[in-house]
Amino acid sequence: MLSTPSPAFPEKLLRSTEPHRPASLLPDFKIEALTCAGRSIVVVREDLLIGGTKQRACVPYLEDLIREGVEEFVYASPFAGFAQVALAISARSLGKSATIFCERDATYSGAPRLHEFSKLAMKHGAQMVLVDTLGRASAKAVAYARERIGRAQLPLGFDCVSFRNYLKREVTRAWSQIESQAGSNRPRTLWVPVGSGTLLKTFHEILPADVRIRGVNVRVLENSDPRIAGLTRIDRCELFSTPERFEEPSRLLPPVPSNVHYDAKLWQFMEKHAEAGDVWWNVAR
């Protein structure tokens with residue numbers, strides 16, 4: 001649950017001083033076999049993509065908004081969220097600005113600072129405003145976007161129909177590759193992390209009806225939040241919730257690079273419940 005911020009927090013505006021380097025073409029999906037508790041599963045290695053899975057749909061999503069007159073994209077980000085990186089890279093590639101109101105690094109008790117993922121977003125051209133909590137970041141982003149025509153605030157995790165439609169194209173292509181590699185042993189279960197719920201809802205819309213989805217809420221939003229509660233009404237979705245708070249790192253680490261506040265937290269559940277042939281979508285590093 002989003003907490004009430006301290007009004008005394010020293011908000012900071014931060015920009016990168018590094019020169020712009022054009023983003024390269026996105027690599028294709030890398031799909032590998034992996035062993036989990038003695039069982040052979042499949043992992044989609046989106047940790048190899050600099051902005052993670054959401055980078056794959058971000059440019060066309062932003063282009064739609066640009067055609068509507070948007071010049072500056074505004075976003076409120078959890079400290080270790082990876083959508084901020086996808087947004088920074090994509091906005092810069094389109095010649096537009098991104099302003100991110102980012103929660104302070106919640107793993108550090110000293111002076112307020114950016115998390116390494118926020119620094120990565122700043123390196124790729126985003127203007128960062130360091131804020132005490134995600135709740136205050138959201139409020140500040142709303143106010144900032146309303147100040148001027150041409151600014152648009154993007155929803156948490158880009159969770160909207162337009163973005164999911166573009167993401168569906170990409171994940172449909174990946175799922176076809178997974179089924180092709182599996183041959184007659186088609187996967188029956190997909191494991192995905194749940195922050196905003198964007199990815200889970202996208203997969204629900206494109207996967208064959210007989211594929212079960214197991215999501216793990218990493219507690220960016222608590223189970224009581226309507227955005228999470230709504231996922232439990234999807235009949236083929238089984239939703240777990242991590243014992244760790246979002247700011248706490250995963251208790252167990254998987255054998256591939258994975259965000260310790262996000263994707264890596266699936267591993268503890270997969271070791272107990274995954275079956276041979278299951279697919280794990282590793283969204284980002």
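Just so you know, all these numbers are worked out from the coordinates, no wet-lab data involved. Note that the structure is a prediction, hence the values are computed from the model and not measured. All Cβ positions, glycine included, derive from the backbone under ideal geometry; neighbour counts span all protein chains shown.
Between residue 253 and residue 107, the contour length at 0.36 nm per residue exceeds the alpha carbon distance by 50.8 nm. The value of relative contact order for region 56-158, using C-alpha pairs under 8 Å at least six residues apart, is 35 percent.
Each label was represented as a point 7 Å from its Cα along the Cα-to-Cβ direction; for residue 238 and residue 67 these points are 4.2 nm apart.
Extending 7 Å from Cα along the Cβ direction at residue 48 and again at residue 276 yields two label points whose distance is 2.6 nm. Stokes-Einstein D for region 143-206 at 20 °C, 1.002 mPa s, Kirkwood Rh over Cα pairs, in µm²/s? After rounding, the answer is 154 µm²/s. Backbone phi angles across region 74-85, fed through the Karplus curve with coefficients 6.51, -1.76 and 1.60 (θ = phi - 60°), yield HN-Hα couplings of 10, 8, 9, 10, x, 4, 10, x, 9, 4, 4, 6 Hz in residue order; Gly and Pro are listed as x.
By the helix-only formula, in which each DSSP H run with n ≥ 4 contributes -39500 (n - 2.57) and the sum is divided by residues, the chain has a 222 nm mean residue ellipticity of -9000 deg cm²/dmol. Think of region 56-158 as a dipole: +1 on every Lys or Arg Cβ, -1 on every Asp or Glu Cβ, centred on the Cα centre; then among 130, 150, 85, 130 lies furthest on the positive end.
With respect to the chain, whose longest principal axis is taken over its alpha-carbon atoms, helix 161-182 is tilted by about 30°. Computing FRET efficiency as 1/(1 + (r/R0)^6) for residue 224 and residue 169, where r is the C-beta to C-beta distance and R0 is 45 Å, gives about 0.85. Taking the C-alpha atoms only, the angle from helix 134-146 to the longest principal axis of the chain is near 60 degrees. The fewest-to-most ranking of 77, 196, 109 by surrounding Cβ atoms within 10 Å reads 109, 196, 77.
Counting every C-alpha pair in region 56-158, the share spaced more than 23 angstrom apart comes to 19%.
Amide H contacts of residue 97 (H built 1.01 Å from N, in plane; Pro and chain starts excluded): 73 sit under 5 Å, all sequence-distant by 5 or more or on other chains. Close amide H pairs (under 5 Å, H built 1.01 Å from N) link residue 280 with 42, 43, 44, 191, residues at least 5 positions away or on another chain.
Under a 5 Å amide H cut-off, with hydrogens placed 1.01 Å from N, residue 36 pairs with 41 among residues at least 5 apart or on other chains. Computed from point charges on the beta carbon alone (+1 for Lys and Arg, -1 for Asp and Glu), the dipole magnitude for region 32-71 about its Cα centre is near 300 Debye.
Summary value for the chain: 23 percent relative contact order, contacts being C-alpha pairs under 8 angstrom separated by 6+ residues. Here the chain carries DSSP beta bridges of which approximately 20% are antiparallel, counting only pairs with both residues inside. Computed from the C-beta positions of residue 177 and residue 149, the FRET efficiency with R₀ = 25 Å rounds to 0.05.
Whole-Hz Karplus values for region 46-63 come out as 6, 5, 7, 9, 4, x, x, 3, 5, 5, 5, 10, 6, 4, x, 4, 5, 4 Hz, taken residue by residue from phi with 6.51 cos²θ - 1.76 cosθ + 1.60 and θ = phi - 60°; glycine and proline positions read x. Rounded to the nearest whole Hz, the Karplus-based 3J(HN,Hα) values (6.51 cos²θ - 1.76 cosθ + 1.60, θ = phi - 60°) of region 234-248 follow the sequence 7, 5, 9, 9, 10, 10, 9, 9, 6, x, 7, 5, 4, 6, 8, with x at glycine and proline.
Summing Cβ point charges (Lys, Arg +1; Asp, Glu -1) relative to the Cα centre of region 56-158 gives a dipole of roughly 140 debye.
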